[in-house]
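Following: one structure in structure tokens, then a few remarks.
The values are calculated or read from the model by the stated rules, or taken from the named source; none is laboratory data. Just so we're clear, the structure is a prediction, and the values are computed from it rather than from any experiment. Reconstructed Cβ throughout: ideal geometry from the backbone, glycine too, with neighbour counts over all protein chains shown. The area values use the complete protein model at the heavy-atom level, side chains included, leaving out ligands, DNA and RNA. Shrake-Rupley method; radii C 1.70, N 1.55, O 1.52, S 1.80 Å.
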Amino acid sequence: MRVALTGGATGIGAAIAAKLLAGGHEVVAFDITQPSQDVSQWIQTDLSEPASIAVALDRATGTFDALINNAGLPPREGLEQAILQVNYFGMRAFLTGMLDKLDRGASIVNTASRAGAMWRDNLDEIKALMALDPADLSDFIKTRSMDATHAYNLSKEAVIILTMAQTEAMIQRGLRMNSVSPAAVSTGILDDFTKAFGPKVAKNIARAGRPGTPEEIADIILFLISPQSAWIKGQDITLDGGMSAMGITDMMGLPR
């Protein structure tokens with residue numbers, strides 16, 4: 001299997017690359033930073049820059065059996081515009097440019113987040129973002145007095161919506177696309193999420209027993225690009241060790 005992977009240098013992406021390579025697969029990593037481990041090919045890519053995306057797409061020769069859009073920025077203050085540019089617009093531009101490079105039957109997986117779980121309550125803003133010219137992104141953020149947490153949530157809501165909304169188009173192309181929504185994963189950016197979302201992160205981790213590991217998220221993503229998951233299409237799969245279920249139980253007063 002030949003796999004295109006964005007964000008393959010650290011965290012979940014590095015775990016995905018390691019598992020794929022150990023299984024004898026070819027990994028072409030697209031990342032602004034060179035992966036510390038060996039990959040089949042590294043193509044330097046800055047998803048915040050359309051020109052960099054265009055160069056990377058041009059360098060991505062041949063065809064691929066899977067595309068994993070994993071690159072993203074955390075909810076770090078001061079990065080509001082970059083978060084939306086990388087997590088949504090850059091991801092979308094890279095995805096669109098890769099479609100003709102995917103073999104028929106290929107699988108696409110987009111890394112979203114449990115932070116995007118409230119998309120049903122925010123459809124108007126998500127649609128406004130998706131219709132936006134990226135050149136107007138700064139005004140969009142200012143008009144909404146958007147902080148980094150808001151920007152991150154919105155970016156991941158949009159990834160989930162994009163994944164679902166493109167289901168039929170992907171089927172017509174002989175492709176399939178899903179997203180995964182991890183929560184509280186033990187990577188180098190976990191502190192960013194703890195700062196952004198406050199005490200509820202620590203509470204959720206305590207109730208779940210521990211944060212997830214990059215390898216556990218990677219395993220589900222690898223399943224989603226495998227033939228065994230061929231009938232899973234247009235789904236967002238939450239990977240949170242039971243945190244969502246416990247929250248719903250509390251909210252609805254369900255018997256335990």
Label point distance in nm, A135-K101, each placed 7 Å from Cα along Cα→Cβ: 2.6
Assigned charges on the beta-carbon of Lys, Arg, Asp, Glu; region 1-141 dipole about Cα centre (debye): 520
Cα-Cα pairs of the chain separated by more than 28 Å (percent): 30
Gain on full stretching of the segment that runs from Q41 to T61 - 0.36 nm per residue minus C-alpha separation: 6.1 nm
Nitroxide proxy distance, nm - points 7 Å out along Cα→Cβ at M252 and I32: 4.0
Relative counts (whole %) of C-alpha pair distances in region 119-256, using bins that are 10 Å wide: 10, 31, 35, 21, 2
3J(HN,Hα) from dihedral phi, region 30-37, Karplus parametrisation 6.51/-1.76/1.60, rounded to Hz, x for glycine, proline: 10, 7, 5, 10, 5, x, 6, 9
Residues of type aspartates and glutamates that K195 reaches as a straight line, Cα spacing below 16 Å, ignoring anything fewer than 8 places off in the same chain: E77, E80, D147
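Quick check: at a probe of 1.4 Å, how many percent of the accessible area of the chain sits on carbon and sulfur atoms?
Values: 6390 of 11980 Å².
Carbon and sulfur together cover 53 percent of it.
Suppose every Lys and Arg Cβ carries +1 and every Asp and Glu Cβ carries -1, with no other charges. What dipole size does region 120-251 come out with about its Cα centre, to the nearest 20 debye?
Values: 13 positive and 17 negative charges, 48 e Å.
Dipole about the Cα centre, nearest 20: 240 debye.
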Amide H within-cut-off set for S179, under 5 Å, with H built and near neighbours excluded: N110, Q235, D236, I237
Charge dipole magnitude, Cβ of K and R +1, D and E -1 - the chain, Cα centre, debye nearest 20: 640
Reachable lysines, given that their alpha-carbon falls under 30 Å from the alpha-carbon of K101 and they are not under 8 places away in the same chain: K19, K127, K156, K233
Length added when fully stretched, E49-I171, from 0.36 nm per residue minus Cα-Cα: 41.0 nm
Dipole-positive endmost among T238, T167, A56 within the chain (Cβ charges, Cα centre): T238
Added length on full extension, which subtracts the Cα-Cα distance from 0.36 nm per residue, D124 to Q228: 33.9 nm
